[in-house]
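Please read the structure below before turning to the comments.
Each value in this text was obtained by applying a stated rule to the coordinates, not by laboratory testing. Since we're looking at a predicted model, the values are computed, not measured. For neighbour counting, all protein chains shown are included, and Cβ atoms are generated from backbone atoms with ideal geometry for every residue, glycine included.
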Amino acid sequence: MDRRNTRLASQVFVRLRESIVRGELPPNAPLSEQDLCERFNVSRTPVREALINLAEEELVVIYPQFGTFVAPISLEAVRVGQFVREHLECALIVDAAERLDDAGAARVRDVIERQTMAAELDEFYNLDNEFHALIAELSGHPKVWNVILKAKTQFDRVRYLSVHEPARTAEILAEHRNIADALTARNAGEAQRALRQHLRAVFLTVEKLGLTDAPPTAPPRRHGRPKPALNVNQLS
């Protein structure tokens, strides 16, 4: 694939990924290559490449001679993402509390204030990410946040569903305030405890939503069943 198509594939990938993570494209929604070409005004090559990359992240499922669909939320991947976040972020916040200066404390309070005033869900969600990324930055290990980002895709699908519930939004804000209060007080142990409680709340959301570990399946069709999901390596 030439450089231009590679760039276009990256753009399609980012936009589709965001739509899936944020629930704009729900689980099991069909993804037509032709429709995507028209939507993004690109040829089939970058769309096909973007879908392969999304399949590698378990965000879409590809069935040969049948179709491509948004994948169900993988609870196994949610658990992995939560594990990675809890262990890495709880280590980061200890270092952040030990290194925190007045300027850093002011930045923490500023994020919490802006999240309190957020009028739109997208803004609230973006500030949620900003708050957690700031902890990594203040710890002195900002690049660890990139590791966390790669591991928490399915975690984020559940998290974004939760911010559509007003009660959970209020809970998230209260949890962030508890974390921020402990962090700005330089109380590493309490900050770690509050952060761990916050990150484990994803499992309560999973339970409320009734999510299961059912394997991805395509909708049935009149003549025969779809073939097993295609291994993305077969497309290369």
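Here are the numbers for the structure shown:
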read-out	value
Distance in nm between pseudo-label sites at Leu121 and Arg99 (7 Å out along the Cβ direction from Cα)	3.5 nm
Calculated diffusion of the stretch 94-152, Stokes-Einstein form, Kirkwood radius summed over Cα pairs, 25 °C and 0.890 mPa s, µm²/s	203 µm²/s
Segment Val147-His164, length gained on full extension (0.36 nm per residue, minus Cα span)	3.5 nm
FRET efficiency, Ser32 to Arg79 (Cβ-Cβ, R0 35 Å, nearest 0.05)	0.65
Hull-based mean projected area of the stretch 1-94, where the convex hull spans the alpha carbons, in square nanometres	7.5 nm²
Descending principal axes extents, the stretch 75-209, alpha-carbon based, whole Å	40, 31, 23
Volume in Å³ per residue [convex hull over Cα atoms, computed for the chain]	142 Å³
